[in-house]
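Here the structure is laid out as structure tokens; the discussion comes afterwards.
The values are calculated or read from the model by the stated rules, or taken from the named source; none is laboratory data. The structure presented is a predicted model; accordingly, all values stated were derived computationally and were not measured. All Cβ positions, even for glycine, are placed from backbone atoms using ideal geometry, and neighbour counts span all protein chains on display. Heads up: the accessible areas ignore ligands, DNA and RNA and are worked out on the full protein's heavy atoms, side chains in. Shrake-Rupley method; radii C 1.70, N 1.55, O 1.52, S 1.80 Å.
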Amino acid sequence: MSGDRRRRVEHGSQYYADPGSPVGLFRRDRPDRFMLALERLAAGIEPLTALLRPGHPPPKPREDLRMRVAKVEHSSDDVAVLTLAPTVSGATLPAWQPGHHVDVLLDGGVLRQYSLNGDPADRSHYRIAVRRIKGGLGSGLVHGLAEGDTVELRGPRNAFPFVRAERYLFLAGGIGITPILPMVKAAHAVGRPFRLVYTGRARHTMPFLNELPEDADVFVRPDDEYGTPGAAELLAGLEPGTAVYVCGPAPLISGVRALIPEGTPFFSERFSPAPIIDGRPFEVRLGPSGQVLRVAEDETALDVLRRARPDTPYSCRQGFCGTCRVGLLEGSPEHRDRLTGGSSRGRDFIPCVSRAAEGERLVLDL
């Protein structure tokens, strides 16, 4: 890879280039100043072009962001909407597009991922929305934040890419509207055909109802008014060439996925880890001569590691944040993490989702 500074990121049939610093012209050993200037100019233009070319990712930020809580609002019951601004006055934040999220570092080293749901063209601040979950450590810490508090962000990163399509079907369940809302606004801004079905327990629990386009195909469908929706109902009238985006509870996603016609572009983001349905038992050794732990077919390596070492760090449990990444010394793993998680796919292992063949032993750098 020393001669190639670009990393290919795959999501379905979409491939993106992740550029490094621009190489010096005329065989110089340092980055070229003219190319650096062009890179900064491109970063400024990117949010405007995102509406016309969805799916083309902004440059990857190179450092953590220190942010202050500029505003706290409550869009609906138990949902806190935080506006986060740079601690440095007038600073321009890294570009992002619909589907991007940030890692938020909270008190005690707790790291959680939250979708950006503001205006990508406004880089003076970010906006996130978090529903309070009973017993949820991360959501409890977020709901405890007040105006003036500071947090550290990592990202933005994209695990839910918004791609170009002839038309869109957006399905949002409850707080799942957070990554979907910027996609809806982007499609509406350029006149791309779409339909949004927004479900939830009741209207008072559904955030951002006042931000949905009024002159568009939008169906707000609370369960207490219409009953619990079935996947067939949600997909009724699906036309060829439609990209389907779903964010919400696991039953919503799995039900829709099961009925998606073959060849239909399908993208989903869930609140919790997917169930293990094809696991096989394997083993992990902690270091070259350390403790050997058995991973059962219905649990993850992270579950096992946390029983042995309760302080093992983790966050998303879905293979995209990279928080639980550990070095791999020996063995042949089945890499199941998303490339946004930062795994080198050879020297690293993501224990929250990746596995190994039955009877295989992986030696981890722990």
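Evaluating ASP78 against the criteria (1) within 24 Å of GLY200 (Cα to Cα); (2) open to solvent by less than 40 Å² (accessible area, probe 1.4 Å); (3) in contact with a Lys or Arg (Cβ under 7 Å, 6 or more places away or on another chain) leaves one unmet condition, (2). Scoring TYR245 on the criteria (1) part of a loop (DSSP other than H, G, I, E, B); (2) touching a residue at least 12 places away in the same chain (Cβ under 8 Å) leaves a single failure, condition (1). The residues on offer are ARG53, ARG40, and the sole one that is surrounded by fewer than 17 Cβ atoms within 10 Å (Cβ to Cβ), modelled with pLDDT under 95, among the basic types (Lys, Arg) and more than 22 Å from ALA159 (Cα to Cα) is ARG40.
Restricting attention to the range 84-103, the residues being surrounded by fewer than 20 Cβ atoms within 10 Å (Cβ to Cβ) and either of a type in the set (D, E, K, R) or part of a strand (DSSP E or B) (or both) number 2. The criterion of at least 1 residues that are open to solvent by 20 Å² or more (accessible area, probe 1.4 Å), farther than 18 Å from LEU111 by Cβ and out of contact with any Lys or Arg (no Cβ under 6 Å at 6 or more places or on another chain) is met, among strands (runs of 3 or more DSSP E) falling completely within the range 126-173, by 126-131, 167-173. Applying the condition of being closer than 19 Å to ILE175 by Cα and either assigned to a loop (DSSP other than H, G, I, E, B) or out of contact with any strand residue (DSSP E or B) (no Cβ under 8 Å at 6 or more places or on another chain) (or both) to the range 63-83 and asking which residue is modelled with the highest pLDDT yields ASP78.
Restricted to the range 315-331, and to residues there that are surrounded by 17 or more Cβ atoms within 10 Å (Cβ to Cβ) and free of Cβ contacts under 8 Å to residues at least 40 places away in the same chain, the residue that is nearest to the chain's Cα centre (by Cα) is GLY319. Which of (1) in contact with a His (Cβ under 9 Å, 6 or more places away or on another chain); (2) of a type in the set (D, E, K, R); (3) modelled with pLDDT of 95 or more is the odd one out, the single condition GLU225 does not satisfy? Tallying (1) in contact with a His (Cβ under 9 Å, 6 or more places away or on another chain); (2) of a type in the set (D, E, K, R); (3) modelled with pLDDT of 95 or more, GLU225 fails exactly one: (1).
For every residue, the table says whether it meets (1) closer than 13 Å to LEU362 by Cβ; (2) free of Cβ contacts under 8 Å to residues at least 12 places away in the same chain; (3) of a type in the set (Asp, Glu).
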position: LEU252; (1), (2), (3): no, no, no
position: PRO265; (1), (2), (3): no, no, no
position: SER268; (1), (2), (3): no, no, no
position: PRO281; (1), (2), (3): yes, no, no
position: VAL284; (1), (2), (3): yes, no, no
position: PRO288; (1), (2), (3): yes, no, no
position: VAL295; (1), (2), (3): yes, no, no
position: ASP298; (1), (2), (3): no, no, yes
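Tell me, yes or no, whether the range 274-281 has at least one residue that is within 24 Å of VAL184 (Cβ to Cβ) and open to solvent by less than 80 Å² (accessible area, probe 1.4 Å). Checking the range 274-281: not a single residue is within 24 Å of VAL184 (Cβ to Cβ) and open to solvent by less than 80 Å² (accessible area, probe 1.4 Å).
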